[in-house]
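Written out below as structure tokens is the structure these notes cover.
The values are calculated or read from the model by the stated rules, or taken from the named source; none is laboratory data. Owing to the predicted nature of the structure, the values given are computational and were not obtained by experimental measurement. All Cβ positions, even for glycine, are placed from backbone atoms using ideal geometry, and neighbour counts span all protein chains on display.
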Amino acid sequence: MAAPNEWTDYFSPEQNYSKTFKPGIDITFPNDIIDVPRLNYSFNENATDSLEYSNFTSEDYCSSNHSHVYLNVTCEFPINYAEPMYGYIAPFLLATTTVANTLIVVVLSRRHMRTPTNVVLMAMALCDMFTMLFPAPWLFYMYTFGNHYKPLSPVRACQAWHYMNEVIPAMFHTASIWLTLALAVQRYIYVCHAPVARTWCTMPRVKKCLIYIGIAAFLHQLPRFFDHQYVPHVTVWRGHFEEVCRVQMAPWVHTLSLDAYFITYFAFRVLFVHLIPCTSLVVLNVLLFRAMRTAQINRQKLFKENRKSECKRLRDSNCTTLMLIVVVTVFLMVEIPVAVVTILHIISSTLVEILDYHIANILILITNFFIIVSYPINFAIYCGMSRQFRETFKELFIRGAVTSRNGGSSRYSLVNGPRTCTNETVL
């Protein structure tokens with residue numbers, strides 16, 4: 001069982017394992033920093049004259065045992081990696097993701113594009129975009145503008161940092177993971193159990209499913225809004241008094257015990273956010289690929305029999321299936337490494353210490369960064385693999401691009417007809 005100070009925070013796709021909670025610390029730092037509870041603090045304005053002060057480097061300070069007495073971002077992340085990735089590259093990724101995912105939502109929200117599959121794709125695009133938008137102001141402030149070394153204050157700013165950089169992004173990212181699983185399950189039903197799709201893959205049922213996923217993701221992260229407390233403190237920082245935020249766990253967490261709380265949280269996250277979804281997606285991808293191969297053989301037979309209409313529907317279905325397989329594969333490539341490190345973290349914290357957390361911090365920072373890199377890729381996949389998406393995009397944003405509505409595109413030949421389990425998924 002883990003000791004209280006062995007648990008670390010990993011709450012969001014932008015977070016890592018470096019921040020170890022040390023409850024109940026009230027320490028005077030020699031020659032560098034003095035922490036005193038604000039309510040019991042009084043001082044003379046000239047008190048700084050009697051303090052011996054020396055400038056510690058960030059490495060010196062963060063390698064000390066007291067590096068997390070107050071909120072200091074330099075000590076929470078491997079700064080040599082975080083600053084270039086999140087300070088200089090992330091702003092471009094944010095702009096690209098925002099534009100790309102906004103275009104996805106605009107295109108898929110068109111009336112002739114509103115299908116159960118496209119509704120899930122829109123929800124995924126929104127969740128991915130919000131996962132980046134909420135922490136973006138803090139990433140700019142801390143890394144782009146170089147303020148990561150400063151103690152964060154006041155208390156409300158520390159709470160906003162916690163919510164916007166850790167809790168809310170984790171909520172949207174969790175929802176995105178479950179939406180990806182729902183998309184794969186939906187496509188599996190369409191391809192392998194077509195009669196059932198008429199009942200289960202209707203628009204009302206899909207919308208209810210999206211609402212349930214959103215509520216479940218919120219409830220999963222709900223304790224994270226209340227498990228931390230930020231207490232105002234006054235400290236001597238670089239030779240002058242500075243009000244900072246002292247981090248401590250909420251009393252109700254201590255009532256439950258740190259072990260019980262963190263084991264419950266991480267066990268749920270490992271099982272239902274990482275392990276089960278990733279394993280299920282691998283299995284579903286394999287099944288969909290096999291079904292697609294079988295459908296391809298059947299399509300060749302239909303082509304030889306000159307049954308062009310059925311052959312065309314099967315081709316469209318296969319194209320949609322292949323595109324979704326690619327989307328899920330990209331998702332798995334960036335999510336599985338995070339799942340592996342999370343599982344190793346659980347083992348290291350509860351059973352036997354097997355992780356070098358300096359290396360683990362760097363690995364998780366890099367894998368989380370690649371998750372961000374993957375967000376704009378879906379737009380390229382849709383444009384490259386979906387004729388219907390391409391044509392709708394051209395009509396909306398490229399002047400003079402007009403698509404024939406008389407059979408030139410499968411979407412126009414099917415949109416006015418009865419919705420079936422096949423044409424619902426044609427993109």
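Residue by residue, here is whether (1) touching a strand residue (DSSP E or B) at 6+ places or on another chain (Cβ under 9 Å); (2) surrounded by fewer than 15 Cβ atoms within 10 Å (Cβ to Cβ); (3) β-branched (Val, Ile, Thr); (4) closer than 21 Å to Leu152 by Cβ holds:
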residue	(1), (2), (3), (4)
Gly214	no, no, no, no
Ala217	no, no, no, no
Glu242	yes, no, no, yes
Met249	yes, no, no, yes
Thr255	no, yes, yes, no
Val286	no, yes, yes, no
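Residues are listed down the side, and each one gets a yes or a no for (1) modelled with pLDDT under 90; (2) at positive phi; (3) of a type in the set (Phe, Trp, Tyr):
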| position | (1), (2), (3) |
| --- | --- |
| Val107 | no, no, no |
| Arg114 | yes, no, no |
| Thr131 | no, no, no |
| Trp138 | no, no, yes |
| His162 | no, no, no |
| Met171 | no, no, no |
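Would you please name the residue that is modelled with the highest pLDDT, looking only at residues in the range 396-418 that are within 22 Å of Asn101 (Cα to Cα) and in contact with a Lys or Arg (Cβ under 9 Å, 6 or more places away or on another chain)? First the steps, then the outcome.
Just the residues of the range 396-418 that are within 22 Å of Asn101 (Cα to Cα), to begin with: 396-399, 401, 411.
Imposing the further condition that a residue be in contact with a Lys or Arg (Cβ under 9 Å, 6 or more places away or on another chain) reduces the set to 396, 401, 411.
Values: Leu396: 89, Ala401: 61, Arg411: 38.
If we take residues in the range 396-418 being within 22 Å of Asn101 (Cα to Cα) and in contact with a Lys or Arg (Cβ under 9 Å, 6 or more places away or on another chain), then Leu396 is modelled with the highest pLDDT.
For the range 350-385, enumerate the residues that are out of contact with any helix residue (DSSP H, G or I) (no Cβ under 9 Å at 6 or more places or on another chain) and either part of a helix (DSSP H, G or I) or closer than 28 Å to Met323 by Cβ (or both). Write out each step before concluding.
To start, the set of residues in the range 350-385 that are out of contact with any helix residue (DSSP H, G or I) (no Cβ under 9 Å at 6 or more places or on another chain) comprises 351-352, 356, 358-359.
Once the filter is applied, which keeps residues that are out of contact with any helix residue (DSSP H, G or I) (no Cβ under 9 Å at 6 or more places or on another chain) and either part of a helix (DSSP H, G or I) or closer than 28 Å to Met323 by Cβ (or both), the range 350-385 yields His358, Ile359.
Can you tell me how many residues in the range 81-115 are β-branched (Val, Ile, Thr), surrounded by 21 or more Cβ atoms within 10 Å (Cβ to Cβ) and assigned to a helix (DSSP H, G or I)? Walk me through how you get there before you give the answer.
Kept after step one, since they are β-branched (Val, Ile, Thr), are these residues of the range 81-115: 89, 96-99, 102, 104-107, 115.
With surrounded by 21 or more Cβ atoms within 10 Å (Cβ to Cβ) added as a condition, the list becomes 97, 104, 107, 115.
Adding the requirement that they be assigned to a helix (DSSP H, G or I) leaves 97, 104, 107.
Residues meeting the conditions: 3.
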Note to self: I need every pair where a residue in the range 147-171 that is within 19 Å of Pro223 (Cα to Cα) and surrounded by 16 or more Cβ atoms within 10 Å (Cβ to Cβ) has its Cβ under 6 Å from the Cβ of a residue that is modelled with pLDDT of 90 or more and of a type in the set (Gly, Ala, Ser), sequence separation at least 6 or different chains.
What the structure shows: Met171/Ala217
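Against the definition (touching a Pro at 6+ places or on another chain (Cβ under 7 Å), closer than 30 Å to Val253 by Cβ and part of a helix (DSSP H, G or I)), how does His173 come out, yes or no? Show your work before the answer.
Values: touching a Pro at 6+ places or on another chain (Cβ under 7 Å): yes; closer than 30 Å to Val253 by Cβ: yes; part of a helix (DSSP H, G or I): yes.
Judged against the criteria, His173 is a match.
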Next item on the list: May I ask you to say which residue of Asn147, Asn118 is touching a helix residue (DSSP H, G or I) at 6+ places or on another chain (Cβ under 6 Å) and either small (Gly, Ala, Ser) or part of a loop (DSSP other than H, G, I, E, B) (or both)?
Entry: Asn147
Margin query: Can you find a residue that is assigned to a helix (DSSP H, G or I), in contact with a helix residue (DSSP H, G or I) (Cβ under 6 Å, 6 or more places away or on another chain) and either modelled with pLDDT of 90 or more or over 30 Å from Arg187 (Cα atoms) (or both) anywhere in the range 268-276?
Written below: yes
Check: Does any residue of the range 131-145 turn out to be within 17 Å of Phe218 (Cβ to Cβ), out of contact with any Gly (no Cβ under 7 Å at 6 or more places or on another chain), in contact (Cβ under 8 Å) with a residue 40 or more places away in the chain and buried (at least 23 other Cβ atoms within 10 Å of the Cβ)?
Finding: yes
Margin query: Testing Ile371 on (1) modelled with pLDDT of 75 or more; (2) surrounded by fewer than 18 Cβ atoms within 10 Å (Cβ to Cβ); (3) not polar (S, T, N, Q), one condition comes back false. Which one is that?
Written below: (2)
Note to self: Looking at (1) charged (D, E, K, R); (2) farther than 23 Å from Val105 by Cα; (3) in contact (Cβ under 8 Å) with a residue 12 or more places away in the chain, which one does Asp356 not meet, given that it meets all the others?
What the structure shows: (3)
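Here is a list: Arg198, Arg205, Arg187. Which entry is of a type in the set (D, E, K, R), buried (at least 22 other Cβ atoms within 10 Å of the Cβ) and part of a helix (DSSP H, G or I)?
Working: Arg198 fails: buried (at least 22 other Cβ atoms within 10 Å of the Cβ); Arg205 fails: buried (at least 22 other Cβ atoms within 10 Å of the Cβ).
Testing whether each residue is of a type in the set (D, E, K, R), buried (at least 22 other Cβ atoms within 10 Å of the Cβ) and part of a helix (DSSP H, G or I) leaves just Arg187.
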Next item on the list: Scan the range 98-124 and report the pairs whose first residue is within 13 Å of Ile377 (Cα to Cα) and whose second residue is among the small types (Gly, Ala, Ser) and in a helix (DSSP H, G or I), with Cβ atoms within less than 6 Å and a gap of 6+ or a chain change.
Entry: Asn101/Ala125; Ile104/Ala125; Met124/Ser176
Check: What pairs can you find where one residue is in the range 374-397 and hydrophobic (A, V, I, L, M, F, W, C), the other is buried (at least 21 other Cβ atoms within 10 Å of the Cβ) and not in a helix (DSSP H, G or I), and their Cβ atoms are less than 8 Å apart, with a gap of 6+ or different chains?
Finding: Phe389/Leu427
